Each structure stands twice: as C-alpha cells, then as structure tokens.
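Chemist: I am attaching a structure below and will ask some questions about it afterwards.
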Amino acid sequence: MSDNGGLSTSEGSPTSNLPLKGEKGFCYEGGIREPMIVFWPGHQPKNHTCDAVATSTDFFPTILDMVGIPFRPEEHLDGVSFKAALLEDTTFSRGDIFWHYPHYSNQGSRPSGAIRSGQYKLIEHYDTNETELFDLKK
C-alpha cells in the first residue's frame, strides 16, 4: 500500500493512473486509491481478493485485532479493524473517510478536502470554494 496514487507529472518517474482521474497529491481517485496486499499465512483464504475500502489509520487497530490484543481507542481515534474483510466477511464496511490536503504541491495539486461515503465522494477545493460530487461506481 502507498500513501498516494502514482505520479503523473514529468517530475520523477511518471506513472499512469488511468482510468482514474488525478495523481499523487490530488483528492481525486487517482491520487488516493491504490492496491494493498496483506499476507497473513494460515488465516486468509488462498488467493482471496476483496474490494473493501481501508486507509492507513486502520492498520494499528487491524494488527491489534489480528493478534488478539484489546483495542486502544485513545491511540487510534480514526482507525477501524479491517480484519473481517481479510477473512472474506462481505458485511465489512469502513464507514466514511475524510481527507484534508490544505496546500499546493509541486505536482500541481490545489488545497482541497474530500469525504467518501459509500459510493459517493465529495471534493471541496479550498482556493475556489468549488465542490465536486462523484458517484464512484460510474
């Protein structure tokens, strides 16, 4: 897993995020969505894939859950365990996710924030007060 999508500018080693819009530093899917691989021998079904949504703040509560240590909510305010998704529980739902990117970047992104709720994503561009609503299934 990475903290950003691929870099699409001429800076560094450019990548393509198609068909996703945007790149590293943007709140569009191309800037945020990336694959994650979890290896948990003896627990996960072989060759299991899932399309559950998770974020890096979920790692700590997930690892605690995997090894049977009680949760520490005061230490992981924003995270939830995605262990159930790893075990093919199709009812797992991460809930809403929020991003705050309050500055311009050298890749050309603008100050913005986003909320993902289910299949919908709302992006607000702070410098223009413009908002965009996306149906991510479309």
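Chemist: In debye, nearest 20: dipole of the range 39-86 around its Cα centre with unit charges on the Cβ of K, R (+) and D, E (-)? Kindly include the intermediate steps, with their values, before the conclusion.
Modeler: On the way: 3 positive and 6 negative charges, 54 e Å.
The calculation lands at about 260 debye.
Chemist: Hey, what's the Kirkwood Rh for the range 67-138 if you take every pair of different alpha carbons, in angstrom?
Modeler: Values: mean 1/r = 0.0671 Å⁻¹.
Every distinct Cα pair counted, the radius reaches 14.9 Å.
Chemist: Using 7 Å Cα-to-Cβ label points, what is the PHE71/LEU87 separation (nm, one decimal)?
Modeler: Placing both labels 7 Å beyond Cα along the Cβ direction yields 1.5 nm.
Chemist: I've got another one for you. Describe numerically, in nm with one decimal, the distance between label points set 7 Å from Cα along Cα→Cβ at LEU122 and at PHE39.
Modeler: So the two model labels end up 4.1 nm from each other.
Chemist: Any chance you could get the radius of gyration and Dmax over the Cα atoms of the range 1-49, in Å?
Modeler: Considering the range 1-49 through its Cα atoms, Rg and Dmax are 14.0, 43 Å.
Chemist: Also, quick follow-up: Give the peptides 16-28, 50-62, 66-78, 121-133 in descending order of average Cβ contacts within 10 Å, highest first. The partial results should precede the final answer.
Modeler: Working: 16-28: 18.3, 50-62: 16.6, 66-78: 10.0, 121-133: 13.2.
Output ranking for 16-28, 50-62, 66-78, 121-133: 16-28, 50-62, 121-133, 66-78.
Chemist: Follow-up question, since we're still on this one. Quick check of the Kirkwood formula: for the chain, what is the inverse mean of 1/r over all pairs of different Cα atoms, in Å?
Modeler: Numbers: mean 1/r = 0.0604 Å⁻¹.
Taking every pair of different Cα atoms in the chain, averaging 1/r and inverting gives 16.6 Å.
Chemist: Projected onto the charge dipole of the range 27-126 (+1 at Lys/Arg Cβ, -1 at Asp/Glu Cβ, origin at the Cα centre), which of THR91, TYR28, LEU122 gives the Cα projection farthest towards the positive end?
Modeler: Of the candidates, TYR28 comes out farthest on the positive side.
Chemist: Among the aspartates and glutamates, select those whose C-alpha is under 16 Å from the C-alpha of LYS24, and discard any that sit fewer than 8 residues away in the same chain.
Modeler: Once the sequence-local aspartates and glutamates are set aside, what remains near LYS24 is ASP3, GLU11, GLU34.
Chemist: Separate question: Which lysines, on any chain, are close to LYS21 with Cα under 30 Å apart, when same-chain ones fewer than 8 places away are left out?
Modeler: LYS83, LYS121, LYS137, LYS138
Chemist: How high is the relative contact order of the range 1-106, in percent, with contacts defined as C-alpha pairs under 8 Å that are six or more residues apart? Spell out each step's value before the answer.
Modeler: Numbers: 132 pairs, mean separation 21.6, N = 106.
Result for the range 1-106 is 20 percent.
Chemist: Output wanted: per-residue J couplings in Hz (rounded whole) for the range 40-53, from phi through Karplus 6.51 cos²θ - 1.76 cosθ + 1.60, θ = phi - 60°, x for Gly and Pro.
Modeler: 3J(HN,Hα) across the range 40-53, in whole Hz: 9, x, x, 10, 7, x, 4, 6, 6, 10, 8, 10, 5, 9.
Bear in mind that the values in this text are calculations on the coordinates, not laboratory data. The structure presented is a predicted model; accordingly, all values stated were derived computationally and were not measured. Glycine gets a Cβ as well: all are built from the backbone with ideal geometry, and neighbour counts include every protein chain shown.
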